[in-house]
Each structure stands twice: as structure tokens, then as C-alpha cells.
1. Show the residue pairs meeting these rules: Cβ distance below 6 Å; 6+ apart or different chains; first residue within the stretch 296-317 and crowded, with 19+ Cβ neighbours inside 10 Å; second residue hydroxyl-bearing (Ser, Thr, Tyr) and modelled with pLDDT under 95.
2. Output the residues belonging to the stretch 230-261 that are out of contact with any strand residue (DSSP E or B) (no Cβ under 7 Å at 6 or more places or on another chain), of a type outside the set (Asp, Glu) and surrounded by fewer than 19 Cβ atoms within 10 Å (Cβ to Cβ).
3. Counting only residues that are modelled with pLDDT of 90 or more and either at negative phi or within 23 Å of the chain's Cα centre (by Cα) (or both), how many does the stretch 166-197 have?
4. Taking the residues in the stretch 12-61 that are more than 22 Å from ALA242 (Cβ to Cβ), in contact (Cβ under 8 Å) with a residue 12 or more places away in the chain and of a type in the set (D, E, K, R) as candidates, determine which candidate is surrounded by the most Cβ atoms within 10 Å (Cβ to Cβ).
5. Could you check how many residues of the stretch 166-202 are in a loop (DSSP other than H, G, I, E, B) and either free of Cβ contacts under 8 Å to residues at least 24 places away in the same chain or under 19 Å from MET153 (Cβ atoms) (or both)?
6. Give me the residue from the stretch 235-268 that is part of a loop (DSSP other than H, G, I, E, B) and small (Gly, Ala, Ser) and, out of that set, farthest from LEU51 (Cα to Cα).
7. Which residue out of GLY7, GLY43, GLY78, GLY113 is at pLDDT 90 or above and more than 22 Å from GLN178 (Cβ to Cβ)?
8. Tell me whether the stretch 371-394 contains one or more residues that are assigned by TED's automatic domain parsing to the domain that holds THR250, crowded, with 16+ Cβ neighbours inside 10 Å and in contact with a Leu (Cβ under 7 Å, 6 or more places away or on another chain).
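The values are calculated or read from the model by the stated rules, or taken from the named source; none is laboratory data. Owing to the predicted nature of the structure, the values given are computational and were not obtained by experimental measurement. Backbone-built Cβ (ideal geometry, glycine too); neighbour counts: all protein chains shown.
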Amino acid sequence: MKGLDTGGNVFDVLKERGFIRQATHEDEIRELLGREGVRFYIGFDPTADSLHVGHFMQIVIMMHMQRHGHTPIVLIGGGTGMVGDPSGRTDMRRLMTKEAVAENCRMFERLFGRFIDFSDGKAIAVNNADWLLGLNYVDFIRDVGKHFSVNRMLTAECFKQRMAQGLSFLEFNYMIMQSYDFLELYRRLDCRMQFGGDDQWSNILGGVDLIRRETGGQAYGMTFTLLTTSEGRKMGKTQKGALWLDADKTSPYEFYQYWRNVEDADVRKCLSLLTFLPMDEVDALSSAGGAGLNRAKETLAYEVTKLVHGEEGAAGARAAARALFADGGSMDEAPTSVMDAALFAGDGMGAADLMREIGLAPSNSEGFRTIEQGGLSINGERISDKRFMVRTELFQDGSILIRKGKKTFHRVRLG
């Protein structure tokens with residue numbers, strides 16, 4: 001295939017940047033990726049109406065692969081999404097209606113086009129609803145289920161961690177369905193590799209084995225590190241919930257601020273996994289201390305936001321952040337809530353109530369606690385009275401700026 005990147009083998013790039021955790025045939029995979037263009041797939045179940053930052057790392061991997069001349073197959077799980085993946089779960093996923101799954105699939109398809117080049121066959125998008133929803137269950141179990149050992153399946157990590165809480169038979173089918181996806185893509189599109197997060201290892205092995213048993217062919221699988229902090233916690237969780245890639249759900253400013261405020265110990269990992277900066281630059285940025293480390297965090301925030309929201313969105317978010325921490329700059333990109341002016345007339349609205357309404361506190365009690373600890377300021381003035389009322393006269397030019405702690409800002413504008 002033409003267009004293979006002359007900058008080296010993509011396997012080595014992924015290895016150097018810290019992506020790769022497990023591979024079914026490491027030497028063979030490396031040799032294959034260096035020799036020719038390969039079709040590979042990553043699956044995304046439409047569990048919400050937007051992609052989140054956990055998906056983004058898988059997208060970055062597809063971008064690396066595509067830049068080296070390989071062909072991503074984006075598999076949207078319109079079929080598997082009807083069941084729910086038990087991997088990494090301590091409870092059963094909430095079942096969605098067919099209509100909700102289909103709508104989420106449409107939202108996913110729209111977002112992927114921002115990151116992956118689908119022109120001229122450079123990438124392929126498929127939906128496993130096309131082959132899963134029309135299956136005859138008895139035929140499927142006879143033809144595909146016969147290849148799966150229940151004893152072996154129960155040793156898989158994705159099932160073992162659920163046995164104590166209870167694993168439904170519905171979820172037990174998930175591994176077989178995902179394995180069948182790989183077989184279908186192998187047959188239909190000559191897809192020879194499946195990638196996924198490290199929690200997908202058992203499912204990927206199931207697909208590789210099914211292809212061998214059904215066709216005698218050789219397929220490959222590889223898993224990647226999960227996006228976690230140095231303490232092992234999943235990254236991308238905010239007070240409002242997930243860190244979404246859709247600007248309507250997480251604004252560019254909020255997205256930027258999340259990465260600007262990561263822990264010092266996580267800067268190198270995030271620069272390696274979520275940006276395309278050369279590794280020598282990553283090492284130089286992350287090894288700096290003091291003010292240098294702050295510059296590294298600002299670079300991280302800008303680069304990741306630029307990939308997700310474009311250069312204009314990243315520049316606006318950076319300008320807003322600088323304006324909130326220093327004099328000058330623009331606050332136009334700061335997170336803003338528009339509220340009815342009548343809410344602040346007369347006695348006004350309690351500060352804790354307002355924090356809850358705009359998502360700065362999950363409850364009034366948490367808002368009271370923040371105020372008592374000196375963590376709330378309005379227009380630069382610290383609020384010490386937990387019964388403080390926010391009234392119309394506080395709004396300067398129709399808005400107020402609320403700060404929680406040192407780094408969380410929110411503007412409220414009268415509607």
C-alpha cells in the first residue's frame with residue numbers, strides 16, 4: 001500500500017509512547033505493520049450520545065495508525081450496545097431502547113469524522129447491528145457458540161470480577177458477540193487486527209480464536225493501557241460527570257481546564273498518549289520543575305484541546321484561562337450559565353443553591369461545606385456566610401464570576 005509513513009514502524013511509535021500492554025503475537029504484529037498496510041478495528045458501544053475522553057485515546061491510536069498508512073475500521077456497536085459490555089463493570093449496564101441506541105450511533109458517526117479521514121477508503125465505518133440484529137439465535141449458538149468453552153470463559157477477568165455481584169446470561173453472551181464481530185470483519189473486509197483497552201483482552205482473544213477455528217486464518221489482537229492517573233483512578237471524571245468530546249456537553253474551556261489541572265505525576269503520560277508531540281519534546285516538558293511544569297501542563301491542555309475542538313477552540317480556552325488567573329485576556333470562552341433575572345430579585349438565591357444549579361456542587365450540603373472552608377468567591381470577594389444570598393445588584397454588566405477553590409471558575413449571566 002502506498003502512503004506508509006517513512007518515519008518508522010507504527011508499532012515502535014506506539015511502544016515508545018507507552019500505549020501497548022498486551023499483544024497476541026508481538027513479533028509477527030510488528031513485522032506485519034512494518035511491511036504493509038493493514039486493516040484493523042476498534043469497537044465503540046454507543047452507551048451515550050457523545051464520545052468521551054476514554055474513547056479519545058483509542059481515536060488517537062487510530063490516528064497514529066492511519067498516519068502510517070494503515071486503515072482504521074470504526075465499529076459502532078449498534079448490536080452489542082443492546083446487550084452491554086460487562087468488562088470493567090461492577091454492575092449491569094442500564095439497557096437502552098433500540099431507538100436510543102440508534103440515535104447514539106448517529107451521534108458517534110458524526111463525531112468520528114472530526115478525527116479520522118474517511119475519504120477514498122482511508123477508513124471504514126461499520127455498525128454491527130447490520131449482522132447481529134438479524135441473527136437466528138439457535139443457528140448462532142449452534143454455529144458459533146460451539147467454539148466457546150464455558151469453563152474458559154469464566155476465567156476471563158471481565159467475568160471473574162462480576163461473579164460475586166451476579167452476572168446475567170445476557171451479559172455472558174457479550175464475549176461471543178464481540179468475537180463474532182471480528183470474524184465478520186475478517187470475512188467481509190479482510191480485517192486482520194483488533195485493538196482495544198486492556199479490559200478487552202479476553203474478548204479480543206475470543207475473536208482471534210474464533211477466526212482460527214472457523215476459517216483456519218491468522219488474526220491478531222493488541223490491547224492498550226487504560227487512561228488512568230498515577231494512583232490507578234480512571235481519568236476523565238469531573239464533578240459534572242464524564243469529560244465529553246462534544247462541545248455542547250463539555251465546553252472547550254472546561255475541557256482545557258481539566259488537562260491544565262492534572263496532577264504533576266500524570267503530565268508525561270498524558271503528553272505521550274494524548275498528543276502528537278515528539279517524544280524528545282515530551283521528555284523535556286515533563287522533566288521540568290516549578291514554572292516549567294506549569295508550562296508543560298499548559299502545553300498539554302492546549303494540544304489536547306486543539307485536537308478535539310480545533311485551534312480556534314483551544315486558543316479561546318487558553319485565553320479564557322489566562323484571563324481568569326491574570327489581568328487581561330478574554331473570558332468569552334469561560335463556562336457560562338444563563339439564568340432568569342427574576343431568580344435574583346428581592347431576597348435573591350442562596351449561594352449554595354446557585355452552586356448546585358450551575359454544577360459547582362452536587363448538593364446544598366456540599367455547597368455549604370465549600371463556603372465554610374473559605375472556598376467560594378463571587379466577583380473576587382470571598383463568601384464566608386453559608387446563608388449568603390446572591391442578589392441582582394451583584395451582577396456587573398449583567399453577569400457575575402464565581403470561583404470555587406483556586407482553579408474552578410463559572411460565569412452566570414442574567415437572561
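1. Going by the 6 Å Cβ cut-off, the qualifying pairs are ALA296/SER286; ALA301/TYR256; THR305/TYR256; ALA317/TYR253; ALA317/TYR256.
2. SER230, GLY232, ARG233, LYS237, THR238, GLN239, LYS240, GLY241, ALA247, LYS249, ASN261 - these are the residues of the stretch 230-261 that are out of contact with any strand residue (DSSP E or B) (no Cβ under 7 Å at 6 or more places or on another chain), of a type outside the set (Asp, Glu) and surrounded by fewer than 19 Cβ atoms within 10 Å (Cβ to Cβ).
3. Here the count works out to 21.
4. Among residues in the stretch 12-61 that are more than 22 Å from ALA242 (Cβ to Cβ), in contact (Cβ under 8 Å) with a residue 12 or more places away in the chain and of a type in the set (D, E, K, R), the one surrounded by the most Cβ atoms within 10 Å (Cβ to Cβ) is ARG17.
5. Residues that pass the stated criteria total 4.
6. Checked the stretch 235-268; the qualifying residue farthest from LEU51 (Cα to Cα) is SER251.
7. GLY113
8. No: zero hits.
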